[in-house]
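Trainee: This is the structure I want to talk about, given as structure tokens.
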């Protein structure tokens with residue numbers, strides 16, 4: 001068992017979290033950020049012991065129902081008889097432990113995929129000078145420089161989880177990270193804050209990507 005490094009914030013009851021994340025999935029699907037079975041969402045429903053409400057593996061995020069969600073423990077194990085949780089469950093747990101987040105959202109948009117691959121040699125993407133940065137928690141000026149680390153994709157979840165853990169420890173000011181050729185992970189102290197971070201970052205990724213391609 002890995003101890004919680006930062007005190008997790010409870011997003012609400014399992015039922016409330018599942019209902020809220022259903023709506024998140026519909027909005028994100030309509031925006032083109034979670035096509036097919038891509039993406040995954042979670043919210044903390046218990047801090048002690050740690051438990052998350054999380055999307056199941058291979059679920060279409062635009063067609064989720066509250067009954068699709070699973071409750072997992074601090075080791076990523078679902079309750080007996082439940083479906084298989086997202087393959088990236090370990091990454092959600094790493095983020096909650098390191099950031100004390102109430103919710104973790106993963107999207108797989110066109111622009112996050114392009115930028116996460118093209119900027120991998122730099123190990124991250126710097127974004128600065130945009131008013132929209134003020135939508136990130138704790139940011140009060142467009143002069144802010146947001147560094148979005150990029151982690152190399154890996155199908156070995158234990159190894160990828162360790163890489164994510166290192167990024168979260170070394171880039172403590174980051175609001176998010178990208179996985180190369182894969183997409184965005186961000187979080188918040190509520191489901192609403194995490195969703196706002198997705199909206200802000202996806203907007204900025206498109207701005208950066210379109211600006212670079214002019």
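The values are calculated or read from the model by the stated rules, or taken from the named source; none is laboratory data. Quantities reported herein were computed from a predicted structural model and do not represent experimental measurements. Neighbour counts are summed over all protein chains in view; Cβ atoms, including those assigned to glycine, are modelled from backbone coordinates with ideal geometry.
Trainee: So which of 126, 192, 174 is at pLDDT 95 or above, surrounded by fewer than 16 Cβ atoms within 10 Å (Cβ to Cβ) and not in a helix (DSSP H, G or I)?
Mentor: The unique qualifying residue is 126.
Trainee: Taking the criterion of being surrounded by fewer than 19 Cβ atoms within 10 Å (Cβ to Cβ) and touching a residue at least 60 places away in the same chain (Cβ under 8 Å), would at least one residue in segment 61-78 satisfy it?
Mentor: Checked against the condition, which is being surrounded by fewer than 19 Cβ atoms within 10 Å (Cβ to Cβ) and touching a residue at least 60 places away in the same chain (Cβ under 8 Å), segment 61-78 yields at least one hit.
Trainee: Is there a residue in segment 142-149 that is under 22 Å from residue 100 (Cβ atoms), in a loop (DSSP other than H, G, I, E, B), touching a residue at least 12 places away in the same chain (Cβ under 8 Å) and more than 16 Å from the chain's Cα centre (by Cα)?
Mentor: Yes: one or more hits.
Trainee: Could you list, in sequence order, all residues of segment 18-74 that are out of contact with any strand residue (DSSP E or B) (no Cβ under 9 Å at 6 or more places or on another chain) and under 22 Å from residue 99 (Cβ atoms)?
Mentor: Selection gives 47, 48.
Trainee: Looking only at residues that are assigned to a helix (DSSP H, G or I) and out of contact with any helix residue (DSSP H, G or I) (no Cβ under 9 Å at 6 or more places or on another chain) in segment 89-115, which one is surrounded by the most Cβ atoms within 10 Å (Cβ to Cβ)?
Mentor: 92
Listed here are the residues, each with its yes/no results for (1) touching a residue at least 12 places away in the same chain (Cβ under 8 Å); (2) under 16 Å from residue 198 (Cβ atoms); (3) part of a loop (DSSP other than H, G, I, E, B); (4) under 18 Å from the mean Cα position of the chain (by Cα).
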position: 18; (1), (2), (3), (4): yes, no, no, yes
position: 25; (1), (2), (3), (4): yes, yes, no, yes
position: 28; (1), (2), (3), (4): yes, yes, no, yes
position: 32; (1), (2), (3), (4): yes, yes, yes, yes
position: 37; (1), (2), (3), (4): yes, no, yes, yes
position: 46; (1), (2), (3), (4): yes, no, no, no
position: 58; (1), (2), (3), (4): yes, no, yes, yes
position: 82; (1), (2), (3), (4): yes, no, yes, no
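Trainee: Related question: So residue 202 clears everything in (1) in a helix (DSSP H, G or I); (2) in contact (Cβ under 8 Å) with a residue 24 or more places away in the chain; (3) farther than 21 Å from residue 38 by Cα except one condition, right? Which one?
Mentor: (3)
Trainee: Let me ask something additional. So is residue 2 in a loop (DSSP other than H, G, I, E, B), surrounded by fewer than 21 Cβ atoms within 10 Å (Cβ to Cβ), at pLDDT below 95 and touching a strand residue (DSSP E or B) at 6+ places or on another chain (Cβ under 9 Å) or not?
Mentor: Taking the combined requirement at face value, the residue does not satisfy it.
Trainee: Follow-up. Out of (1) loosely packed, with under 14 Cβ neighbours inside 10 Å; (2) touching a residue at least 24 places away in the same chain (Cβ under 8 Å); (3) over 15 Å from residue 91 (Cα atoms); (4) touching a helix residue (DSSP H, G or I) at 6+ places or on another chain (Cβ under 9 Å), the odd one out for residue 158 is which?
Mentor: The one condition residue 158 does not meet is (3).
Trainee: OK, next. Could you please give the count of residues in segment 177-189 that are over 28 Å from residue 18 (Cβ atoms) and modelled with pLDDT under 95?
Mentor: 1
Trainee: Could you count how many residues in segment 119-137 are closer than 16 Å to residue 179 by Cβ and either under 14 Å from the mean Cα position of the chain (by Cα) or without any contact (Cβ under 8 Å) to a residue 12 or more places away in the chain (or both)?
Mentor: Looking only at that region, the number is 1.
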